[in-house]
Every structure is written in structure tokens, then in C-alpha cells.
Amino acid sequence: QVQLVESGGGLVQAGGSLRLSCAASGRSFSSYTVGWFRQAPGKEREFVTGLSWYNGGASYADSVKGRFTISRDNAKNTVYLQMNSLTLEDTAVYYCAADRRLYYDTGPNEYGDWGQGTQVPVSS
């Protein structure tokens, strides 16, 4: 089990960029598959991106493909989400998730460890 703490959220204008960080504490974080999810008001939590520790494979939701990038620095036990060309539809609480599974999954129930979330409001 790992503890996750997100940071980097905040108000941003449409078209702008933001980088979220997810710091993990716990052993063997490099052997955890990680993901970012988001939840907009009144909507279900949805998959944004995932990164497999096993083969380095990554996947993105169609809505963020080409704009968002997930990366990790195992030396710092940190996962990042670089978000560019933000739109109003990106407004949500963003959550970092981790699990010992080999590959990423788009279902939130497949991840055992979660951060508390960080808000990203995008203004026009």
C-alpha cells in the first residue's frame, strides 16, 4: 500500500497549462501502475490516463489525447500529469491512483490506493 498526495491544482485560464504532481510514500512505488482520474461536478469519476510499471505502456482518454502527458520519476516517487491546451471541459477534481497490477486499467475500481484529489477549475 502507498499513500498518495496530489498537488499543483488551481485556477487556470482556458488554453493554459498546468502540471499536477502526485507524491507517493511507501516501499516499491516503482512497481506500482499509476493512473489519473477526474471527477467533474455531478458526473462519475472518469479515467484520464494510466501508466504501466511493467512495460511502460500508457493510455489516454480520447478527450485528453494529444494534450495531456503522464510521466513518473521513480527516484522521487512522483507521478506527473502535464496538461496543455486546457478547456472548460477539463474542469474537475483530479485524482492520482496506484495499484500493484501489471498494466493500467480504465476502471477506477482496479486501483487500490488513491490520493485526496486536487481541484482544477478552468475559466474562460
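Brief remarks follow.
- Placing +1 on the Cβ of every Lys and Arg and -1 on the Cβ of every Asp and Glu, with nothing else charged, gives the stretch 33-124 a dipole about its Cα centre of roughly 180 debye.
- In the stretch 14-111, trypsin sites (Lys or Arg not before Pro) in a DSSP loop with at most 11 other beta-carbon atoms within 10 Å: Arg27, Lys43, Lys65
- Within the stretch 17-124, the GluC sites (Glu not before Pro) that combine a DSSP coil assignment with at most 13 other C-beta atoms in a 10 angstrom radius are Glu44.
- Neighbour net charge for Thr87 - beta-carbon separation under 14 angstrom, K R +1, D E -1: 0
- Extending 7 Å from the Cα toward the beta-carbon at both Arg27 and Glu89 defines two label points whose distance is 4.5 nm.
- Separation between Cα centres of the stretch 62-124 and the stretch 1-33, rounded to whole Å: 7
Values in this text are rule-based calculations from the coordinates and carry no lab data. For clarity, every value in this text was computed on a predicted model and none was experimentally measured. Cβ: placed from backbone, ideal geometry, glycine included. Neighbour counts: every protein chain shown.
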